[in-house]
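The values are calculated or read from the model by the stated rules, or taken from the named source; none is laboratory data. Note that this is a predicted model, so its numbers are computed, not measured. Counting neighbours? That spans all protein chains shown, and the Cβs are built from the backbone with ideal geometry, glycine included.
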Amino acid sequence: MARILITGGAGFIASSLAESLAKSSEHEITLVDNLLTGKTEFIPDSPSIHFIKCDVNRFEDISGVFFSGNFDYVFHYAAMVGVARTINNPVKVLDDIDGIRNILNLSKNTGVKRIFYSSSSEVYGEPVEIPQNELTTPLNSRLPYAIVKNLGEAYLKSYHQEYGLEYTIFRFFNTYGPKQSNDFVITRFIDAALNNQDLLVYGDGRQTRTFCYIDDNTETVRSIFESNLYINDVVNIGSDQEISILQLAETIKALFHSESRIVHLPPLQDGDMTRRKPDNSKMREVLGKPLMNLEEGLTKSADYFKSILNVRN
């Protein structure tokens, strides 16, 4: 039986991963979260999953969890997320460096076999090549969030070099689906569209992104973990189907038969990169099937969004 720790375990992606891993009776899973943005209702109801309220950035909090848990594997997903939140709270973003160091030091000292780290497409900054390949990591982003994710990757590689601690780095590209908060563009647009409110687009909306449905994310990560793939390596996790933010707004408006207007706001001063498109060949090989297309993923999410959002029409 594998003993697994997932940090940030009450968050959208981490709790979905826990639910996927819990399908196997071979895993005993501990989730920790400070509940700053995570929610206890996201924690899967499973006898193999246990939750502890804990702040990984505080050594006195997380050390006891490690010393009592005797973990084999750690998924370090805890981080401050959300564009507005990370831009408005840069010091709290930098506090996540403490969490990275705590996880690494405790892992190397308690016999953890491998750390799986949730990095981000933000490490690519303004793209120097399309598609964005794992071997190319330009350090040209000015945002603290991207800098911390880059630093986390450097820490993992350094601890492997010096202490032999194994790792896998996942660079996530805009994952969406049930349980995602409206800090992110798809849920924010759906919330507005269901209520016939304005869909707010920064700038001209020509900036492009790709969007990966949560099941494709968690199935890929689970397969990499259970098949022992990409040890001491980096894997892009995301769709390679680009769509502009303006097209996304139009798609959601049409899909939900909304009377919303699309309203353009001034461009963001920082952090709104022109393009995002991963080279996801590793992911495709692991998943072994086509990724879910955007409209199908939005449709699958619709019942959930309608049930939890404040729909006024």
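Looking only at residues in the range 248-287 that are in contact with a Leu (Cβ under 6 Å, 6 or more places away or on another chain) and in a strand (DSSP E or B), which one is nearest to LYS306 (Cα to Cα)? Restricting to residues being in contact with a Leu (Cβ under 6 Å, 6 or more places away or on another chain) and in a strand (DSSP E or B), the top hit is ILE262. Only one of the numbered conditions (1) buried (at least 19 other Cβ atoms within 10 Å of the Cβ); (2) at pLDDT 90 or above is not met by PHE305, and that is (2). I'd like to know if the range 269-282 contains one or more residues that are surrounded by fewer than 18 Cβ atoms within 10 Å (Cβ to Cβ), under 22 Å from the mean Cα position of the chain (by Cα), modelled with pLDDT of 95 or more and closer than 28 Å to GLU126 by Cβ. So far as the range 269-282 goes, yes, one or more of its residues are surrounded by fewer than 18 Cβ atoms within 10 Å (Cβ to Cβ), under 22 Å from the mean Cα position of the chain (by Cα), modelled with pLDDT of 95 or more and closer than 28 Å to GLU126 by Cβ.
Scanning the range 136-181 for residues that are farther than 22 Å from ALA14 by Cβ and in the same structural domain as GLN269 (by TED's automatic domain parsing) yields a total of 0.
Per-residue answers, yes or no, for (1) part of a loop (DSSP other than H, G, I, E, B); (2) in contact with a Leu (Cβ under 9 Å, 6 or more places away or on another chain); (3) at pLDDT 95 or above:
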| position | (1), (2), (3) |
| --- | --- |
| VAL128 | yes, no, no |
| ASN140 | yes, no, no |
| TYR145 | no, no, no |
| VAL148 | no, yes, no |
| ILE169 | no, yes, yes |
| GLN180 | yes, no, no |
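Figure legend. Inter-residue proximity from the range 71-86: first residues closer than 16 Å to ARG171 by Cβ, second residues part of a loop (DSSP other than H, G, I, E, B), beta-carbon distance below 6 Å, spacing 6+ or different chains. Indicated pairs: TYR77/GLY8.
For the range 4-41, a residue qualifies if it is free of Cβ contacts under 8 Å to residues at least 60 places away in the same chain, among the hydroxyl-bearing types (Ser, Thr, Tyr) and over 22 Å from GLY111 (Cβ atoms), and the qualifying residues are SER25, THR40. The residue that is farthest from the chain's Cα centre (by Cα), among those in the range 91-134 that are among the charged types (D, E, K, R) and closer than 26 Å to PHE59 by Cβ, is LYS108. Checking each residue in the range 26-72 for being part of a helix (DSSP H, G or I), under 22 Å from the mean Cα position of the chain (by Cα) and buried (at least 18 other Cβ atoms within 10 Å of the Cβ) picks out PHE42, ILE62.
The residue that is farthest from VAL74 (Cα to Cα), among those in the range 6-25 that are among the aliphatic types (A, V, I, L, M) and outside any loop (DSSP other than H, G, I, E, B), is ILE13.
Against the conditions (1) farther than 25 Å from ASN88 by Cβ; (2) free of Cβ contacts under 8 Å to residues at least 12 places away in the same chain, ILE147 satisfies every one except (1).
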